[in-house]
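Colleague: Sending over a structure as structure tokens; questions will come in a sec.
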Amino acid sequence: MIAKRCTHCNVPLLSLLWLWFQCWHPLLQNRRAHLLPFYAKALIADCKTQEKDPTFWNTWAQKTLKNALTLQTLNTNKAKNVILFLGDGMGVPTVTATRILKGQLSGHYGEETQLEMDKFPFVSLAKTYNTDAQVPDSAGTATAYLCGVKANEGTLGVSAAAVRSQCNTTKGNEVTSILKWAKDAGKSVGIVTTTRVNHATPSAAYAHCVDRDWYSDNEMPAEALMHGCKDIARQLFENIPNIDVIMGGGRKFMYPQNTSDVEYPTQPKMSGTRKDGRNLVQEWIDKMKDKKGNYVWNKQQLLSLNPNNVDYLLGLFEPSELAYELERNNDSDPSLTEMVDVAIKVLKKNQNGFYLLVEGGRIDHGHHEGKAKLALYDAVEMDRAIGRADLLTSIHETLTVVTADHSHVFTFGGYTLRGNSIFGLAPKVSDADQKPFTAISYGNGPGYKIVNGGRENISTVNYESSHYQAQAAVPLLSETHGGDDVAVFAKGPMAHLLHGIHEQNYIPHVMAYAACIGQNQNHCMSSESALLSQSRCRQE
Ligand SMILES: [Zn+2]
């Protein structure tokens, strides 16, 4: 026990046990607040000593090598279940910064920490451009990684032949998603997001819409409505019958105009938006009357459900987007992890398996605001949800993929020292303007600021606060997406097919192939008939 070390941080297990007792044991509840930094420092000092010994690095590398060698036996099982975790805007620099933050939140340096996604054995890169844009948006990319076809910026579930905002280019150009392929194959399907459920990412799973902003008929031009185009909220309930689990925000787009919101009855901005007078939530409840369907709108209702008694679940927890994880009301709003937990428990009851799309959707929003802290805490939360999904599934029958739709112009650098707070300063002032600077900065965005003719001196600014906007090179009201490739992490059946650098629309093709759904199923027939004849031989 004494000699054993944590595989995660290489600290002796006994030290960890001691740390747990000192910091978290209820007996010492009142003392832990001031003790925690002390023990965290002790832990870090221990790690530092370890790293000076070449044995530490050699042992670590040899163990990693041993694990890598086991990957030579490929997992070619049929994937019963398929899960896609999509970190909106979670480019590679965001993944690295998230890793450091997650480690620092548990008292480590951070750099050496392993995210849940870091543990996936296969990683590749995806090229994210849209058919008409070098730097993409979330709608065109969602069409790629959900429908398997690259598309134009701003369009959902339609091919590149459709033109953004032109209703009459929709018909005939629809492309279907892996969520539909899974449903058609008898699997249960689910969508869980921290944005509105009719936002770009989830929408491409069920809608065919030439404009990502047509959330309800209120946001649509009269001409589009006249030509028969449908708003996205309506398509959520009408296109694919009975999506088994739908969770996220976006309540207001489901209710008739001026219907006050259940959670914010005095705030007109939160009221229903629909001009057609339909109450899509009530329609859903009525449709599910004889099925085991539950509508919930707060955390308490969600967590009081017994997933064994729920076949269909609609959870709409905010009128629009859910709160950032850092600002979430833990009493009334579920975390992404809590939503994923319930979703998988409901979906996995289906003997045929399930397809689940999970979006950490507000990583993107934090970056657009230039507020890295909001973005990174949301990314940490998505990583936690990935860990929860791991506990509820098995790599023998579940293919899990983690990726992003696109990157951001977010970066961190400045020769910061090991263990430097990810939101902290570079060790030296700029040799050009003699002012301090944070490791994190943006290529563009709202953090651009000139004070007295020069770059703002941030020594008196609280750059570790949640709403601090990191400095940007170019002033923009909203920071932009980046055009760099994004990582694709994969584990489970056929995960090895996600290798190298590929177009983003390759992802659902692999996922469908692994699950024997969609357009490429010949290998399933042959392996299934081989299995069948094998079992017949055995019987004979
Ligand atoms: Zn964005």
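The values are calculated or read from the model by the stated rules, or taken from the named source; none is laboratory data. None of these values were measured; they are calculated from a predicted model. Here the Cβ is made from the backbone with ideal geometry for all residues, glycine too, and neighbour counts use every protein chain on show. Remember, those area values only see protein heavy atoms, side chains included, never the ligands or the DNA or RNA. Shrake-Rupley method; radii C 1.70, N 1.55, O 1.52, S 1.80 Å.
Colleague: Order the peptides 451-463, 380-392 from the highest to the lowest mean number of other Cβ atoms within 10 Å of their residues.
Modeller: My ranking of the peptides, most packed first, is 380-392, 451-463.
Colleague: Report the label-to-label distance for Q166 and Y264 in nanometres (one decimal), using points 7 Å from each Cα along the Cα→Cβ vector.
Modeller: With each label placed 7 Å out from Cα toward Cβ, I get 3.7 nm.
Colleague: Averaged over every viewing direction, what's the projected area of the C-alpha convex hull for region 64-172? Give it in nm², one decimal, please. Present the calculation step by step, with values, prior to reporting the outcome.
Modeller: Numbers: hull surface 40.8 nm².
Average of the hull's projected areas for region 64-172 equals 10.2 nm².
Colleague: At a Förster radius of 30 Å, what calculated FRET efficiency corresponds to the Cβ-Cβ distance of I450 and V135, to the nearest 0.05? Walk me through the numbers before you get to the answer.
Modeller: Numbers: r = 26 Å, r/R0 = 0.86.
The formula returns an efficiency of 0.70 here.
Colleague: What does the highest-first list of 406-415, 174-183, 126-135 look like by mean Cβ count within 10 Å?
Modeller: My ranking of the peptides, most packed first, is 174-183, 406-415, 126-135.
Colleague: Of K180/K345; K66/K119; K78/K291; K80/K180, which sit over 23 Å apart, Cα to Cα?
Modeller: On the way: K180/K345 20 Å; K66/K119 14 Å; K78/K291 30 Å; K80/K180 15 Å.
Table pairs above 23 Å Cα-Cα are K78/K291.
Colleague: Take the solvent-accessible surface of the protein heavy atoms, probe 1.4 Å, and return the percent of it on region 35-184 that carbon and sulfur atoms account for.
Modeller: The C+S portion of the solvent-accessible surface of region 35-184 is 58 percent.
Colleague: If you build the Cα gyration tensor of region 339-380 and take the root of 5 times each eigenvalue, what three semi-axes come out, in whole angstrom, biggest first?
Modeller: For region 339-380, the semi-axes come out at 31, 9, 5 Å.
Colleague: If you count only protein heavy atoms with a 1.4 Å probe, what accessible area per residue comes out for region 325-408, rounded to a whole Å²?
Modeller: Computed with neighbouring chains in place, this is 28 Å² per residue.
Colleague: Cα convex hull of region 358-421: mean projected area in nm², to one decimal?
Modeller: It is 5.9 nm².
Colleague: Pick out, from F412, A473, S106, the residue whose Cα sits farthest towards the positive end of the charge dipole of the chain, with +1 on the Cβ of Lys and Arg and -1 on the Cβ of Asp and Glu.
Modeller: Of the options given, the answer is S106.
Colleague: Under a point spin-label approximation (7 Å from Cα along Cα-to-Cβ), what is the N352-T73 distance to one decimal in nm?
Modeller: My value for the distance between the label points is 3.2 nm.
Colleague: Then there is this: Write down Rg/Rh for region 226-366, rounded to two decimals, with Rg from the C-alpha atoms and Rh from the Kirkwood relation over Cα pairs. If you can, show how the numbers build up before the last one.
Modeller: Values: Rg = 15.3 Å, Rh = 16.0 Å.
Answer for region 226-366: 0.96.
Colleague: If you average the C-alpha positions of region 470-490 and of region 61-121 separately, how far apart do those two centres end up, in angstrom?
Modeller: One Cα centre to the other: 22 Å.
Colleague: Over the Cα atoms, compute the radius of gyration (one decimal) and Dmax (the largest Cα-Cα distance, rounded to a whole number) for region 155-301, in Å.
Modeller: Every Cα atom of region 155-301 included, Rg and Dmax give 15.3, 45 Å.
Colleague: Quote to one decimal, in nm, the extra length available between E503 and N462 on full extension: 0.36 nm per residue of separation minus the C-alpha distance between them.
Modeller: Full extension of this stretch gives 10.7 nm more.
Colleague: At q = 0.08, 0.10 Å⁻¹, what log₁₀ I(q)/I(0) does the chain have when each alpha carbon counts as one equal point scatterer in the Debye sum?
Modeller: Relative scattering, expressed as log10 I(q)/I(0), comes to -0.56, -0.88.
Colleague: Something else now. Hey, what's region 259-314 come to in accessible area per residue, 1.4 Å probe, Å²?
Modeller: That works out to 58 Å² per residue.
Colleague: What's the Cα-based Rg to Rh of region 322-435, Rh via Kirkwood?
Modeller: Result: Rg/Rh = 1.10.
Colleague: Hey, any idea what % of region 353-512's accessible area is carbon plus sulfur with a 1.4 Å probe?
Modeller: Within region 353-512, the accessible surface is 57 percent carbon and sulfur.
Colleague: Also, quick follow-up: Determine the distance separating the Cα centre of region 376-394 from the Cα centre of region 399-419; give it in Å without decimals.
Modeller: If you average the Cα positions of each part, the centres end up 17 Å apart.
Colleague: Where only protein heavy atoms count, and the probe is 1.4 Å, what is the accessible area per residue for region 95-228 in Å²?
Modeller: 33
Colleague: How big is region 369-491 on each of its three principal axes, counting only the C-alpha atoms and giving the largest first in Å?
Modeller: 61, 29, 23
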